[in-house]
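Just below is one structure, and these are the notes that go with it.
Coordinate-derived values only; no laboratory data. Quick caveat: nothing in here was measured; it's all calculated off a predicted structure. No Cβ is skipped: glycine too gets one built from the backbone with ideal geometry, and neighbour counts run over all protein chains shown.
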Amino acid sequence: MKRRPVNLNFATIHFPVTAWVSIAHRLSGILVFLLIPVLLWMLRESLASQERFTALVHLFSSPMVKISLWILLAALLYHWIAGIRHLLMDIHVGESKAGGKRGAWLVIVLSLIAFTLVGYWLW
């Protein structure tokens, strides 16, 4: 029986870009799932009355709330973009090693563009 070395020190493990994109996709999904109650609360407040809508708009003028909203939207956009990549791979588009790597880099580039546009829109 061969004994394989076990290395669980994440600082020394070299992950390929495809692994980082996949891990980030899972983490963004968890973040979006955990923030669904916040989104539902914002929807309820915005639809309750004109006064609550105005209070919510006033709340969004705070820099901390804008940063939190940017993080939420960034996670949602990243999860959406990476999810499209996974769906394309399910229909055998970009399934090769080189195609997977190109797709992962495309997810990163498109996400950075989306994060920048959302940040510009919020500020």
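The table below lists the values:
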read-out: Ranking of E51, E95 by count of other Cβ atoms within 10 Å, fewest first; value: E51, E95
read-out: Dipole axis of segment 31-123 (+1 Lys, Arg; -1 Asp, Glu on Cβ), positive-most option in F33, A74, I91; value: I91
read-out: The chain: relative contact order in percent, alpha carbon pairs under 8 Å with at least 6 residues between; value: 32
read-out: Highest-MSF residue in the chain out of F15, F53, F33 [GNM, Cα springs under 10 Å]; value: F15
read-out: Order of T12, T18, T116 under a 10 Å beta carbon neighbour criterion, fewest first; value: T12, T116, T18
read-out: 3J(HN,Hα) from dihedral phi, segment 32-48, Karplus parametrisation 6.51/-1.76/1.60, rounded to Hz, x for glycine, proline; value: 4, 4, 5, 9, 4, x, 5, 4, 5, 5, 4, 5, 4, 5, 5, 9, 5
read-out: Distance between segment 67-123 and segment 1-64 - C-alpha centres, whole angstrom; value: 14
read-out: In degrees, nearest ten, helix 63-90 long axis to first principal axis of the chain (Cα); value: 40
read-out: Three-way shape label, the chain, alpha-carbon gyration tensor, a/c 1.5; value: prolate
read-out: I91-I36 pseudo-label distance in nm [points 7 Å out on the Cα-to-Cβ vector]; value: 2.6
read-out: Likely footprinting exposure, S22, S68, fewest C-beta neighbours within 10 Å first; value: S68, S22
read-out: Per-residue [θ]222 nm for the chain (sum of -39500 (n - 2.57) over DSSP H runs n ≥ 4, rounded to 500); value: -27500 deg cm²/dmol
